[in-house]
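The values are calculated or read from the model by the stated rules, or taken from the named source; none is laboratory data. Here the structure is a predicted model, which means the values were calculated and not measured. Quick reminder, even Gly has a Cβ in these numbers, built from the backbone with ideal geometry, and neighbours come from all protein chains shown.
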Amino acid sequence: MATHLLQDYPELSHFSREDLEDLLNDPAYFQAVFHSLDRVKDLYRSQAELGLANETIAQNNVAHQDSLYKLRAETQAAFDEAKALEKRWKVLEKEQKEVYQRFTSQFLLMRLKHATTDQDDTTEAMANSFVQQQPPPPSSREDGSGTSTPRGNTSVDDFIRQFKEARKTYHKRAMWADKWTKGEVIWRED
């Protein structure tokens, strides 16, 4: 065992057996001998160099601390703005979809059919009113000719002119609705 110890620690080879026993029994003596060993000195020197290197790295990190905090705050602000814009995008996209919905071909065809029905009802009311010599029912709709529906007693010529214009609008709408339903109307998406 002593030979094995001396092989591992050749620095102890010049110690006598009594010195080795004193070394084991006296902690102060052990510390003095231990710290005089070349391996231990090298270890402490390496530890000191690593400590200095760590201190240099820490000082470098501290020097960059303010700029890193500023960069982190800017990054957080940019991220928050991006999230807010993403939420705004979703709202705008929904609004756009609702607006575009009013311009789809199905919706426009439905509006055309409703307008055609309304125009037919308006002209029927005009005719009934004229026949009965009564003013037509109040209506805020235009007949499509640029003049409002006739009110009160009217001459035959005025009635025919107004009725003819209103029916022309009705037949144009009916014709377009029919063509559209048959697929003869093509809407460009650009």
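Just a yes or no: is a residue in segment 14-35 outside any helix (DSSP H, G or I), out of contact with any Phe, Trp or Tyr (no Cβ under 6 Å at 6 or more places or on another chain) and of a type in the set (S, T, N, Q)? Yes: segment 14-35 contains one or more residues that are outside any helix (DSSP H, G or I), out of contact with any Phe, Trp or Tyr (no Cβ under 6 Å at 6 or more places or on another chain) and of a type in the set (S, T, N, Q). Filtered by the rule that a residue be exposed (fewer than 10 other Cβ atoms within 10 Å of the Cβ) and modelled with pLDDT under 85, segment 14-37 gives His14, Ser16, Arg17. Return a yes/no flag: does segment 83-102 have any residue that is in a helix (DSSP H, G or I), in contact (Cβ under 8 Å) with a residue 40 or more places away in the chain, within 30 Å of Lys172 (Cα to Cα) and among the polar types (S, T, N, Q). Taking every residue of segment 83-102 in turn, none turns out to be in a helix (DSSP H, G or I), in contact (Cβ under 8 Å) with a residue 40 or more places away in the chain, within 30 Å of Lys172 (Cα to Cα) and among the polar types (S, T, N, Q).
Considering (1) loosely packed, with under 11 Cβ neighbours inside 10 Å; (2) modelled with pLDDT of 90 or more, the lone condition that Arg173 does not fulfil carries the number (1). Report whether or not Arg72 is part of a helix (DSSP H, G or I) and at pLDDT below 90. In short, no.
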